[in-house]
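What follows is calculated from the coordinates using simple rules that are stated; it is not laboratory data. The structure presented is a predicted model; accordingly, all values stated were derived computationally and were not measured. Cβ: placed from backbone, ideal geometry, glycine included. Neighbour counts: every protein chain shown.
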Amino acid sequence: MMHSTMKEQTNRAAPRCRVPLTATCGPWQIVSTLLLVLLAGCGGDGNEAPEDTGASAAPTAPKSGPPAGFQRATSSRETFDFTIVPDGGEIPLNEPFSLTVELFDHDTGKPLTDYDLATIDARMPAHGHGMKHDVELARQPDGTFRAEGLLFHMIGHWEIHLDVTRGPKIERAQTSVNLKF
Amino acid sequence: MSSFVRRGPSLYTHAMPPIASILLAAACGFASSATATCEPTPLQEERSTHLGLYLGTVDSLVRPVAVAFGPAGETPRALWVAEVGDAATPAGLRALDGVNQSLGGKTRTVRTLQRRGVGVLQTPSGIAVDGAGVVFATDIEAHALWQFDGTGAAVRLAGRGAALGEVLFPTDVDVLSDATGAARMLVVADSGNDRVQVYDMSTKTWSAVAPHGLRSPLAACFYRDARDPKAAVRIAACDGVHHCIRTVAVDGTDPGRFSDWGPFPSFVSTPSGISAMDGLLFVADQENHRVQAFDPNKKDALAYRFGIHAIRPGDGESTLHYPTGIAIEGDGAVLALVEPLDDRIQVFGRAEGAVPKEDPTRAGLGPPSAHFGRVASASGQFLATVSPESHRVQIHDLRNDRPVKIADLFGFGDRLGMMRGPAGVWLDDDGRSLIATDSGSSRLTRVTLKTKPEDTLKQQPDLAIFEDALRLDALDIPESMRPQRESAWVRTIPGPVCALEVDGARFIAVLDLANNAVLVLDDALSLVGVLAPAGIGTLTGITRSSHGTLLVGTTTPPTDEAARSGRVVELSLDGKLLRTLGVGVLTRPLGLTMRDRRLFASDPTRDRIEVFDWPEDDAEPILHAGGFGSRGLGRKEFHDPSALCVLGDGRLVVIDYGNHRGQTFDAEGNFSAGFGSRLYVAPLRVETK
């Protein structure tokens, strides 16, 4: 039986401790963010090596909290946040899966609108490769995004990258998943 | 009579990654023919053998980059060579006699028949010769296409720019001759404008041909399907960003593509020269150190290949070392292959027997062990270098007596965190911050390195977090920021980069190689200035001073009155030219690094490192404190020394580019150690004098 363990990860080297969401976010998002901040260790190094922290969100999420598998990350320049929720609450090993993705303006917490392009990708830095094919990030009528057909074909540390392009600038937010048997 | 066939090469510029070479061969390829119909000759019909038999080596050349067969005076089939030259020898073209099937012996210095383009060409990159002996050459530094007639008279056919009939970093030219041997059509690889252009010699009109997706063509040639004499002439171009071969009809229709980036058979890495013969396209596969022959009409295009990677210094006799330009004699009997770093041309003939089969034991081999590129940077416990073969930035840990590679960053591609052509690196903030520029994607990327000085030295594949990036060619540069020059402002091609802090604010300075300007960005990656003093010349390198200014290496072309000269200029962030140094000492300063008040500058064309000391009193002149280095493999000997870094303990690191190694020196300039993964390091372990 495999499962995924996840933790919040941002691109910034500097430690941070804050809840960037506003009332425009659903209450489960606020609760989950608080929970993840606590799990990550407030004031700790958000760029720590991807060791297994045991912070498996899926099986421990409270009923009133976020959906199973929920993750949130802040971009490198702190201009946007993103959340992901895998269908079924877990990222499977070597099976196609889909994600629901939401993008927020970091300062206002409102859905992100001032961008030209948003893309999603996943890579295994220890192996120097990514997924076997590209995945599109499709905007839905309700403002969320869907990424379908992702496939993590190996156990180990995967990074999920969300890149937002505005004019000539590209900015990344990333989170990570540790897939195990 | 003969016809031409040409080709050429590439050339690398000092700061850009291999914008290399070119080549190709003439029109229909073959022979003399005199007509563009290219009927197979009896010789071709009988010929069942393949090219690849080593015949000999032409040595004693001065940085040759491109070759073409064609007439020179009374000699119907001379080998024309484009040479970049060095500090003592000017750039130019020359015709060599005796490069044919009789070229016996391992090496031979052949007779020079004629010279052309001396005093006109700054940095030739491609050459073609028509059947009448008219020579065409591209100049990658002066951004020009030249024509030289039999008397040597020069006519500039194209100059710098992005409009039709203008070129930017042209890398190659090929000629299609008519029945009389006279040039009917030219094709030019216009790398800076991501296109090839065709020039009709009779109407003197230009047309642009840009096969879909073509980026930075490094070489181009005319070719025709040898099995169909009535087939239309087509163009093949080497894509230097995507590392593939693109084909297209002369009128721009019917595009095709084959090959891809990689080390394996049928893949290419920096395809830098191309020439056609017998319906095959012969590609000088520069960073895979081989020649591959492709049939563009087949799905599995690779027909055969020859040449293996030279391992030891000076290896030859069909072992290859960064081959660039390629040319095939008109009847297809002889192929000439240029290797600029070894100052030589290897010549191959027709081998007997069947076309060689792929050796399955070699098919799975990965890329050759890493070479060092021309840029590097050090900060804290890390040294960052560039690997030309893998197109990655490599991070080395400096806590041993020699650098130990612990991580490969980036990958080949378009996404953030990938690259098409690393052009500059800058490490800062005690090794926590990396800035890298990519000429292929015209992009600057910022990376955080998870530095952990307390950890034991080990591989760290997840060392990097890619933060953000900026598309430099998409910057909106207001007219008011652009320098007032006669030449047009064109798309930015980034080169070396550095960062500095002034009055508590952080800035990034990037060389714009296409516009010879320094772009200054703030910490939000917003453009805050464009530095381009009048007459600054061609930019070659950049670093920060120890007192909040920029130091920029530049070179100026040779003139009738003076040889090529280099210098370093000190610029303030508001664009003021504060000082000029190194005039009369430097030729082409490339690597620059400053610690305290001492500046080190590498000069690849002279194989030397020069040292300059800043006075305590700004009113005093800067002192040239001396220098060291000469061509060779021993200690304090170099082959194109390029990047320089000063480490925290005062040691100087020299990236000895042509020798594929690094050397370190203590603060007094004494040799300390050599490093690198290749045998070129071995001579450093023994006393050589």
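With labels modelled as points extended 7 Å from the Cα through the Cβ direction, what inter-label distance (nm, one decimal) is found for residue B:308 paired with residue B:112?
Result: 3.6 nm between the two label points.
Taking the radius of gyration and the Kirkwood hydrodynamic radius from Cα positions alone, what is the Rg/Rh ratio for the stretch B:506-559, to two decimal places?
1.00
How large is the dipole of chain B about the Cα centre if only Lys and Arg carry +1 and Asp and Glu carry -1, each at its Cβ, rounded to the nearest 20 debye?
Roughly 920 debye, rounded to the nearest 20.
Roughly how many whole Å is it from the C-alpha centroid of the stretch B:299-356 to that of the stretch B:570-647?
38
Per residue Cα convex hull volume for the stretch B:477-577, in cubic angstrom?
104
If each residue's Cβ is checked for other Cβ atoms within 10 Å, how do B:172, B:617, B:178 rank with the fewest at the top?
In increasing order of surrounding Cβ atoms, one gets B:617, B:178, B:172.
Add -39500 (n - 2.57) for each DSSP H run of 4 or more in chain B, then divide by its residues: what number comes out at 222 nm, to the nearest 500 deg cm²/dmol?
Mean residue ellipticity, 222 nm, calculated: 0 deg cm²/dmol.
Please give the charge dipole size of the stretch B:549-613, origin at the Cα centre, charges +1 on K and R Cβ atoms and -1 on D and E Cβ atoms. Round to the nearest 20 debye.
140
Answer with one residue from B:335, B:293, B:275: the one whose Cα lies farthest towards the positive end of the charge dipole of the stretch B:235-375, charges on Cβ with Lys, Arg +1 and Asp, Glu -1.
B:293
Take every Cα pair under 8 Å in the stretch B:622-668 that's 6+ residues apart, average their separations, divide by the length, and report that relative contact order as a whole percent.
26
If you average 1/r across every pair of different Cα atoms in the stretch A:130-181 and take the reciprocal, what Kirkwood value do you get, in Å?
Here the Kirkwood hydrodynamic radius works out to 13.0 Å.
Sort B:129, A:164 so that the residue with the fewest other Cβ atoms within 10 Å of its own Cβ comes first and the one with the most comes last.
Lowest count first: A:164, B:129.
By how many nm would the segment from residue A:154 to residue A:136 lengthen if fully extended, with 0.36 nm per residue of separation less the alpha-carbon distance?
Extra length from residue A:154 to residue A:136 when fully extended: 4.4 nm.
Mind checking the dipole of the stretch B:268-398: about its Cα centre, +1 per Lys or Arg Cβ, -1 per Asp or Glu Cβ, Debye to the nearest 20?
Charge dipole, the stretch B:268-398, about its Cα centre: 320 debye, nearest 20.
Taking only the alpha-carbon atoms of chain B, what semi-axes of the equivalent ellipsoid follow from 5 times the gyration tensor eigenvalues under a square root, in whole Å, largest first?
40, 26, 24
Say R0 is 51 Å: what FRET efficiency, to the nearest 0.05, do residue A:113 and residue B:49 get from their beta-carbon distance?
E between residue A:113 and residue B:49, to the nearest 0.05, is 0.20.
Return the Cα extents of the stretch A:75-144 along principal axes one, two and three, sorted largest first, each rounded to a whole Å.
Here the spans come out as 37, 26, 20 Å, largest first.
Share of antiparallel DSSP beta bridges in chain B, in percent to the nearest 5?
95
In the stretch B:604-677, if the dipole is taken from +1 on Lys/Arg beta carbons and -1 on Asp/Glu beta carbons about the Cα centre, which of B:612, B:632, B:673 is farthest to the positive end?
Towards the positive end, the residue furthest out is B:632.
With each pseudo-label sitting 7 Å past Cα toward Cβ, what's the residue B:74-residue B:491 distance in nm, one decimal?
With each label placed 7 Å out from Cα toward Cβ, I get 5.0 nm.
Determine the relative contact order of chain B: mean sequence separation of Cα pairs under 8 Å and six or more apart, normalised by residue count, in whole percent.
That works out to 10 percent.
When a footprinting reagent is the concern and you count Cβ atoms within 10 Å, what order do B:67, B:198, B:167 take, fewest first?
B:198, B:167, B:67
7 Å from Cα along Cα→Cβ at both residue B:682 and residue B:163: what's the point-to-point distance in nm?
The answer from the label model is 5.8 nm.
Calculate, axis by axis, the spread of Cα positions in the stretch B:553-689 along the three principal axes, and write the results as whole Å, longest axis first.
For the stretch B:553-689, the Cα extents along the three principal axes come out at 45, 40, 26 Å.
Once amide H atoms are built 1.01 Å from N in the peptide plane, which residues 5 or more positions from residue B:405, or in another chain, come under 5 Å H to H?
Here the answer is B:397, since their amide H atoms fall under 5 Å of that of residue B:405.
Remind me, what semi-axes does the stretch B:522-589 give for its equivalent ellipsoid, largest first in whole Å, using sqrt of 5 times each Cα gyration tensor eigenvalue?
Sorted largest first and rounded, they come to 25, 12, 10 Å.
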